[in-house]
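Just below is one structure, and these are the notes that go with it.
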Amino acid sequence: MDKNERCSLCGRSRKEVGILFQGVNGNICDDCIRRGYEILKEEEHFHKTEKPDKALKLKKPKEIKAFLDDYVIGQDYAKKGLSVAVYNHYKRISQEKNDVDIEKSNIIMVGETGTGKTLLAKTIAKMLNVPFAIVDATVLTEAGYVGEDIESLLTRLLQAADYDVASAEQGIVFIDEIDKIARKGDNPSITRDVSGEGVQQGLLKLLEGSIVNVPPQGGRKHPEQKMIAVDTKNILFICGGAFEGLDKIIARRMNTQVVGYGTQKNIEKIDSKNMLQYVIPEDIRKFGLIPEIVGRLPVLAYLNPLDREALRQILTEPKNSIVNQYIKLFKIDGIDIKFDDEALDYIVDQAISFKLGARGLRSICESIMLEAMFEMPSENKKTFTVTKKYAESKLDRTAAIKFRNA
């Protein structure tokens, strides 16, 4: 039989196949075509399901705030400020080039520890589906000194983006503890402020937007190391800090500005328990951030201190609330767990007395739940209720001392 009457792929003759398609230099049978089609469909399915979707998911400001409401309790002012700033920032990226250049909407958040600064930034990044990196400003120093170079924060963003530079260049960097790099004073010193004003000067080029050579694995830069060029003009920087003592600066400013017959009346309107709500950029500058940094963080948002009602809501209402996390953990072992209202109120009272904020709620719950998490997976018990009496018995004097010293 003529070899041209055979399939060029499987070698079967015309008699052994249903249809043999003839080409210029070879033939292919219907069975090979069918199998090839199935392979193509499997490959197409793999690329659709296995590869992560890197498309930016931008929503309108109201939709962004609604998403934040599911995960963060209260802080409406900060949520609105973040929603608008993020929306404007990514609109700016997608705009066509014209004669009007829209500047970056970098954000600075001011609030006490445990009020939700980091959680807000994480939730925004989760919603947008963009690379996100958290950097502690306290470890940054000027190049050549012990500590991390300023470029290291971009290394973490690259790692979060799996070294996809284009994706990283549209990511979000959260710089925590920004208040810890405030300059020590206005008077010049013979010693260099390498972890304060020196770091602020180094951050300027990143915040405003420039092409930075980043060491791919972090660490110190050296001449023979291969660098990755990252353009920061479209990276959104969110800075957060507790700014301990800022309330005193605000109080002094407000007292000196109120002059005249209405002085006493205006002072009475001031909420002395939440002075951060009156913060302005000038207060941040007086605290110790240089004017150039303040100017490159145009969106200033404050976070309110958490009261008893807010702490109670944080325990139970968000999608990833602490109580829901424990219910999920015990459910994996087939155990249904419940918390009495009195027990939840007791946990909130302890957090308030220890002045730990939202972050302290988890620490208190861990101390209460330790014994149950240790014993119950090995027992046959399928239900468990956390009562106030049980919580009091587990949060003993040793734990109380530990929290007070935290």
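Structure notes:
- Rounded FRET efficiency, nearest 0.05, which uses the C-beta distance separating D340 from L370 and R0 of 22 Å: 0.75
- Sequence-distant residues sharing a close amide H with K338 (under 5 Å, placed H): F384, T385, V386
- Pairs with C-alpha atoms separated by more than 22 Å, drawn from the list K338/K382; K59/K79; K59/K180; K79/K388, are K59/K180; K79/K388.
- A crude spin-label estimate for the pair V24 and Q277, with each label 7 Å from Cα along the Cβ direction, gives 7.9 nm.
- The chymotrypsin sites (Phe, Trp or Tyr not before Pro) found in segment 262-335 include none that occupy coil by DSSP while having at most 10 further C-beta atoms within 10 Å.
- FRET efficiency for the pair K269 and R35, taken as 1/(1 + (r/R0)^6) with r the Cβ-Cβ distance and R0 = 60 Å, rounds to 0.15.
- FRET E, pair K331, S393, Förster distance 30 Å, beta-carbon r, rounded to 0.05: 0.80
- Length released on extending from R308 to D231, taking residue separation times 0.36 nm less the Cα-Cα span: 23.3 nm
- Within segment 331-368, backbone nitrogen closer than 16 Å to the virtual label 7 Å beyond the Cα of K381 toward Cβ: 331, 333-340, 368
- Label-to-label distance, nm, for residues given as Q95 and R362 (7 Å Cα→Cβ offset): 3.8 nm
- If the chain linking K126 and K62 were pulled fully straight, counting 0.36 nm for each residue of separation and taking away their Cα-Cα distance, it would gain 21.4 nm.
Values in this text are rule-based calculations from the coordinates and carry no lab data. Being a predicted model, the structure only gives us computed values, none of them experimental. Using ideal geometry, Cβ is built from the backbone for each residue, glycine included, and neighbour counts are taken over all protein chains shown.
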